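A.B. asks: Sharing a structure, written as structure tokens. Questions coming.
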Amino acid sequence: MLVAAASFTLFHTAMLSGSVVLPLYLTRTLERPNGDVGLLFSVCVLVEVPAALSLMLLPARVGKRWVILPGMVLFVAYFLLVGASSSMPPLIATQVARGVAIAVVGALGIPYVQDLFPQAPGRATALFANTFATGSLISGVLAGATAQALGYRAALLLCGALSAVGCVLLASARQPRSAADTGRDRPDTLLSRRGRGLQRREPA
């Protein structure tokens, strides 16, 4: 679970750092008007909301990790494309990728962590929430220091690198085991356990 938590922490750090750097990158490096910043963030939200809602239709048999991983890969591609773009059409396209990636991780991250720790879903939810809080604490300092030292484009590429490391960590995290796999909630398993308990209570 700690590996998965580290993965989501890196994702949120990259997401929040990128949100800090992107407006400055647009207005200072690319010398775009301030209105373009609002346009790009609006496109991201317009994509993110329906993408998150559509994930409710995802069949239960589909492993959440195998949906989250492509979302993280898409987030890495987003930062690389933003760093290579200088005009509005490709920048708008990058926000589509950003919206989908954030929707996937935001919608499936909590149930994925809960599957890792089914005995305490509340604790698992708090752990995922703390990855966002930790990312928010780190992101401002990281974005500011990197932008001041290396520039805004380098700061965006660093966010892409953080996302890539997070993707690798999630791929290496242990797979959640369902009740069917463990057999702990199957009726025959429960009856077997009860039978063994009765046998232990019988006098010798």
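A.B. asks: Tally Lys and Arg at +1 and Asp and Glu at -1 over the other residues with C-beta under 10 Å from the C-beta of Val113: what net charge comes out? Kindly include the intermediate steps, with their values, before the conclusion.
C.D. replies: Values: positive: Lys64, Arg123; negative: Asp115.
Within the 10 Å Cβ shell, the charges total +1.
A.B. asks: For the chain, with a Gaussian network of springs between Cα atoms less than 10 Å apart, report the residue from Ala14, Ala120, Ala161 with the top mean-square fluctuation.
C.D. replies: Among Ala14, Ala120, Ala161, the largest GNM mean-square fluctuation belongs to Ala120.
A.B. asks: Using only alpha carbons, build the gyration tensor for the chain and give me the equivalent ellipsoid semi-axes, biggest first, whole Å. Could the numbers behind the result be given before it?
C.D. replies: Numbers: eigenvalues 375, 59, 29 Å².
Three semi-axes, in Å: 43, 17, 12.
A.B. asks: What's the angle, to the nearest 10 degrees (0 to 90), between helix 187-201's Cα axis and the longest principal axis of the chain?
C.D. replies: Helix 187-201 and the main axis of the chain meet at about 50 degrees.
A.B. asks: Add +1 for every Lys or Arg and -1 for every Asp or Glu among the other residues with Cβ under 13 Å from the Cβ of Phe79, and state the total.
C.D. replies: Details: positive: Arg98, Arg153; negative: none.
So the surrounding residues net to +2.
A.B. asks: Got a sec to turn the phi values of region 72-81 into Karplus ³J(HN,Hα) couplings, 6.51 cos²θ - 1.76 cosθ + 1.60 with θ = phi - 60°, whole Hz, x for Gly and Pro?
C.D. replies: Values per residue, Gly and Pro as x: 5, 4, 4, 5, 4, 4, 4, 5, 5, 5 Hz.
A.B. asks: Taking springs between alpha-carbon atoms closer than 10 angstrom, which of Leu116, Leu55, Leu16 fluctuates most in the Gaussian network model of the chain?
C.D. replies: Comparing Leu116, Leu55, Leu16 in the GNM, the peak value goes to Leu55.
A.B. asks: Subtract the Cα-Cα distance of Ala84 and Asn34 from 0.36 nm times their separation in residues, and report this length gain in nm to one decimal. Don't skip to the answer; put the middle values down first.
C.D. replies: Working: separation 50, 0.36 × 50 = 18.00 nm, distance 1.98 nm.
Full extension from Ala84 to Asn34 adds 16.0 nm.
Every number here is computed from the coordinates shown, using simple stated rules; none is lab data. Being a predicted model, the structure only gives us computed values, none of them experimental. All Cβ positions, even for glycine, are placed from backbone atoms using ideal geometry, and neighbour counts span all protein chains on display.
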